[in-house]
1. Taking the Cα atoms of region 265-342 alone, what are Rg (to one decimal) and Dmax (as a whole number) in Å?
2. If each of Leu3 and Tyr37 carries a label point 7 Å out from its Cα toward its Cβ, how far apart are those two points in nm?
3. At 1.4 Å probe size, with the rest of the protein present, what percent of the exposed accessible area of the chain is carbon and sulfur atoms?
4. Cα-Cα pairs above 18 Å in region 235-294: how many percent?
5. At 1.4 Å probe size, with every protein chain present, just tell me what the per residue accessible area of the chain comes to in Å².
6. With the convex hull built on the Cα atoms of region 28-147, state its orientation-averaged projected area in nm².
7. Which value does Rg/Rh take for region 340-398 over its C-alpha atoms, Rh per Kirkwood?
8. Given Cα positions, please report Rg to Rh for the chain, the hydrodynamic radius being the Kirkwood one.
Amino acid sequence: MVLGWIVLLSLGLGSILWAELVRDFYHLLAHHWPPLYRLHVWHHRVFRPDLLPASEAIYRQAHWYNDVPEALVMLAFSALPIALVSANNLPQSYVWTASVGVIYTLGFLLTAIARGAGISGADELTDLTHRPGPFQETPSRWFVNRTYHWRHHFDNQKAYYCGTLALVDKVMGTALSLKGKRIAVTGASGTLGRSLLFQLQNRGATVVALTSKPQPITLPGATEPLETITWQAGQESELASVFENIDILILNHGINVHGDRSPDAIAKSYEVNAFSSWKLLELFLATVRTNKEIATKEVWVNTSEAEVNPAFSPLYELSKRTLGDLVTLRRLDAPCVIRKLILGPFKSSLNPVGVMSADWTAKQIVNLAVRDVRNIIVTINPITLLAFPIKEFGVSTYFKFFSKKTIEG
Ligand SMILES: NC(=O)c1ccc[n+]([C@@H]2O[C@H](COP(=O)([O-])OP(=O)(O)OC[C@H]3O[C@@H](n4cnc5c(N)ncnc54)[C@H](OP(=O)(O)O)[C@@H]3O)[C@@H](O)[C@H]2O)c1
């Protein structure tokens, strides 16, 4: 009995998911197949960056050329689950449940027709991802919100294809576009810093090296050095104006004092590993003001799997856990996306016995970021894969209950 209900529920939800997948692939095709793009481009002509339609006439036209055909294709394909159930001679209740996708799609078709016909209030009630006004949320993770969809129109039209569920973008690596983004990386002269700069540049980003060393950074194979900015822990505020023009800040610098437990080692570990990153994070968050900045700015913080596992270096663990907890706390009401990088041991000046390579680690980081993974775990230790999400959920929930938002941001 219970099993029967579970099967029916799965069938109903599956038919909706199928309709959504059809929508997203139709959209994807529309950006890669010129005959379809000629219809779809109307949808892109409609909106200005503040999401106000360029004109009422174009807004209505766009629905006849894009939204209505899209819903008709969804409708045609949503008959497939019904056909499959019928072909297998399953009971009538299964056939009805497989029809949920058709009813769901009919809703989209009727509302698209209503908008195309200019029925009053239809756009406010049904065109939810194109509503103008200040963004109240950062881009969502699973269900496409206005902030997420804005990026498809104004960040990169060859990314952020999903309409309701962000699944297809996650699978295809189009849930975050790095193309044309200005990305600054701290610890730029270090092993992972250089690998990250290289991988990000390969993905079409313009990279900026932030280093505590006086020498400019040149990547392998390049003849010219990168745009390099020198900074020092303790003088973070000097980077405030630099951050105005940075889309993604990667806080990657760090030290490991290994077995040292002197007062100087304590002070240095906390200053470099925890507080300088936290200060830079705050300076960067202060630059997030407009809709565009809420939608496109991000911070990635390299905390390490020492957040949940021993690193055989107490001060490294203590300082990295402090940074990890500060990020968890600050993420609760940050004005833009903050990702954590939870990395296992890779070979570098900081960890000469690391087993992964920095290049491979950087590649995996970027692969997971473009799939919009917010806690990017790259490790060979399976315990981290299990322990980190549990710890992060527990700590975040605890912080949510026992702290409150007192500043805007
Ligand atoms: N290697 C591992 O196994 C491992 C594992 C997990 C996480 N991590 C983390 O990954 C990050 C990169 O480490 P890495 O392994 O690539 O080590 P690395 O080669 O030693 O790079 C660390 C960089 O941090 C910067 N830095 C060091 N002292 C600093 C200071 N006092 N002020 C400002 N910046 C300073 C330096 O870059 P600039 O000279 O350019 O400023 C240095 O090159 C670190 O945060 C580390 O904790 C490493």
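The values are calculated or read from the model by the stated rules, or taken from the named source; none is laboratory data. Remember, it's a predicted structure, so these values are computed and weren't measured experimentally. Here the Cβ is made from the backbone with ideal geometry for all residues, glycine too, and neighbour counts use every protein chain on show. For accessibility, only protein heavy atoms count, side chains too; no ligands or nucleic acids. Shrake-Rupley method; radii C 1.70, N 1.55, O 1.52, S 1.80 Å.
1. My reading of the Cα-based Rg and Dmax gives 13.4, 44 Å.
2. Placing both labels 7 Å along Cα→Cβ, they lie 5.1 nm apart.
3. Working: 12620 of 19530 Å².
C and S atoms contribute 65 percent here.
4. Numbers: 766 of 1770 pairs.
Result: 43 percent of Cα pairs exceed 18 Å.
5. Working: 19530 Å² over 409 residues.
Counting only protein heavy atoms, the per-residue value for the chain is 48 Å².
6. Values: hull surface 37.8 nm².
Computed as one quarter of the Cα hull surface, the answer is 9.5 nm².
7. Working: Rg = 12.5 Å, Rh = 12.3 Å.
Using Cα coordinates only, the ratio equals 1.02.
8. Values: Rg = 24.3 Å, Rh = 23.6 Å.
Result: Rg/Rh = 1.03.
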